[in-house]
Structures are given as structure tokens and as C-alpha cells.
1. What percentage of the solvent-accessible surface of the range 78-159, computed with a 1.4 Å probe over protein heavy atoms, is contributed by carbon and sulfur atoms?
2. Taking the Cα-to-Cβ direction at E74 and at I89 and moving 7 Å from each Cα, how far apart do the two end points lie in nm?
3. Take each of the peptides 92-100, 106-114, 146-154, average the number of other beta-carbon atoms within 10 Å over its residues, and list them starting from the highest.
4. Can you list the lysines whose alpha carbon is less than 22 Å from that of K86, not counting same-chain residues fewer than 8 positions off?
5. Along each of its three principal axes, how wide is the spread of alpha-carbon positions in the range 37-191, in whole angstrom units, largest first?
6. Within the range 116-145, name every residue whose backbone N is under 13 Å away from a label modeled 7 Å from Cα of Y81 along the Cβ vector.
7. Among 36-42, 115-121, what's the highest-first ranking by average C-beta atoms within 10 angstrom per residue?
8. Keeping all protein chains in place, calculate the accessible area per residue for the range 38-169 (probe 1.4 angstrom), answer in Å².
Amino acid sequence: MVSNGSGTEPRDERGRDGGLPGVLKGLATTARTALRPSHTHEYPDVAPSLPPRSRGVIALLEENCTSCMLCARECPDWCIYIDSHKETIPAPTEGGRERQRNVLDRFAIDFSLCMYCGICIEVCPFDALFWSPQFEYAEVSILDLLHEKDRLGEWMATVPPPPALDEKAAEPAEVAAVNRPARGTGLVGGAGAGARPPRTVRPRVAGEARPAPPEAAPEAAAPEDPS
């Protein structure tokens with residue numbers, strides 16, 4: 001302890017008064033906080049209520065993946081690994097043309113590198129990746145955070161359903177394509193009872209005089225007043 005220069009009250013080396021007022025203030029804060037209700041969730045006995053758009057883990061719908069590699073190329077951390085091979089599909093009819101398709105062999109995500117930006121989900125053109133609120137996949141070793149397509153597919157069961165569409169929103173392109181009339185039918189409005197043939201417009205030859213509009217019928221003359 002050193003003197004403050006006037007010789008009236010001792011002060012510590014940091015220029016503060018005695019520690020008793022600080023201790024009393026801390027005890028008062030503790031007593032005041034102890035009377036407040038607790039909002040702590042007893043995890044893991046009580047599951048936390050997560051927001052519907054929580055970014056817990058990335059789930060894979062293997063049937064929709066076409067191995068286009070777009071998600072792997074756009075990933076800023078290069079944590080997505082994809083392997084595939086091509087298979088030849090025989091022609092469905094005689095004399096038809098054979099086709100080739102990509103078969104997914106491996107789809108893995110290293111969550112020790114993933115920064116949960118969601119770019120892979122946004123750029124996927126076939127809706128093969130989804131956000132899942134599942135977050136309980138911690139491992140003892142960092143090497144075990146590399147999850148293959150089997151584990152990613154299991155998380156699809158925890159993906160929440162998409163929100164309902166707005167009543168005033170435009171019709172989805174997929175639904176509009178299904179309701180579009182087939183080629184060659186020549187009907188507008190589908191093949192139902194309200195279908196009608198399209199309007200035919202005859203092309204006008206250059207230099208041809210435009211037909212004059214029909215004259216309006218003459219109005220009936222008003223009867224003369226006998227007076």
C-alpha cells in the first residue's frame with residue numbers, strides 16, 4: 001500500500017480503494033441474478049428448438065445427383081469429392097440411338113473444412129443437396145468428419161418440408177409445362193371442354209390494299225313534329 005500524498009487514506013498500487021466495496025458489489029450482483037428465472041436448456045436431455053432454416057448439416061438426395069461437378073467446382077473450400085462413371089443405356093426401340101448417363105460412385109463432404117456457406121446447395125441445378133437442422137455429428141477424431149454419400153443420404157429424413165407457396169405467386173414452370181397442350185393437337189387451353197382451335201391470321205401481301213372497315217348502319221331519322 002502507498003500513500004495518496006495527503007496522508008489521509010491508504011490506497012493500493014493500482015490507485016484503487018480497499019477491496020471491500022468491490023466484494024460487496026459483486027455479492028449484490030450474484031444475489032440479484034440468483035432470483036431471476038433460468039432459461040437454460042437441459043441438453044442433451046431436452047432437445048433445443050432450432051429455427052426452421054438452421055444450417056446444421058448438408059444432406060444428399062442421391063437420385064437427383066447427375067455428377068455435374070458444379071457444386072465441387074463452386075465450393076470455396078474444395079471440401080466436396082465426387083467420383084462417377086458412365087454407363088451406356090440401350091436404345092428403347094429397334095434402330096434407336098444408345099444413350100449414356102453418369103452413375104454416381106462417391107459423394108463425400110469433409111465437414112472439417114466446410115464453412116457452411118451454402119453455395120453448393122444454391123448452385124445445384126437438380127435439387128440434390130439440402131440443409132438439415134441435424135447438428136449431432138461430432139467425432140472424436142477430425143479425420144472422421146469426412147462423411148460419404150451413405151451418411152449424407154441418411155440425413156434426408158431430417159430435412160424439413162419446403163414452405164408453402166404464396167397464393168398470388170406465379171405458376172411453377174414444371175406445372176405449366178405439364179398443363180401445356182401437346183404438339184400437334186392444335187388446341188389452346190388444353191384438351192378439356194374449354195379447348196378451342198387457335199386463331200388463324202392470314203398474312204397480308206406487300207402492296208395489297210387494306211380492306212375498308214364496314215360502314216356503320218345509318219341511324220333512323222327522328223319523326224317530324226306535326227305541330
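The values are calculated or read from the model by the stated rules, or taken from the named source; none is laboratory data. All values reported here derive from a predicted model rather than from experimental measurement. Quick reminder, even Gly has a Cβ in these numbers, built from the backbone with ideal geometry, and neighbours come from all protein chains shown. Areas reflect the complete protein model, heavy atoms only, side chains present, ligands, DNA and RNA absent. Shrake-Rupley method; radii C 1.70, N 1.55, O 1.52, S 1.80 Å.
1. Details: 2830 of 5470 Å².
About 52 percent, which is the carbon plus sulfur part of the accessible surface.
2. It is 2.4 nm.
3. Values: 92-100: 7.9, 106-114: 17.8, 146-154: 15.8.
So the order, starting with the most tightly packed, is 106-114, 146-154, 92-100.
4. K149
5. 71, 43, 27
6. 143-145
7. Values: 36-42: 7.0, 115-121: 14.1.
Most protected by this proxy first, the peptides run 115-121, 36-42.
8. On the way: 9480 Å² over 132 residues.
About 72 Å² of surface per residue is accessible.
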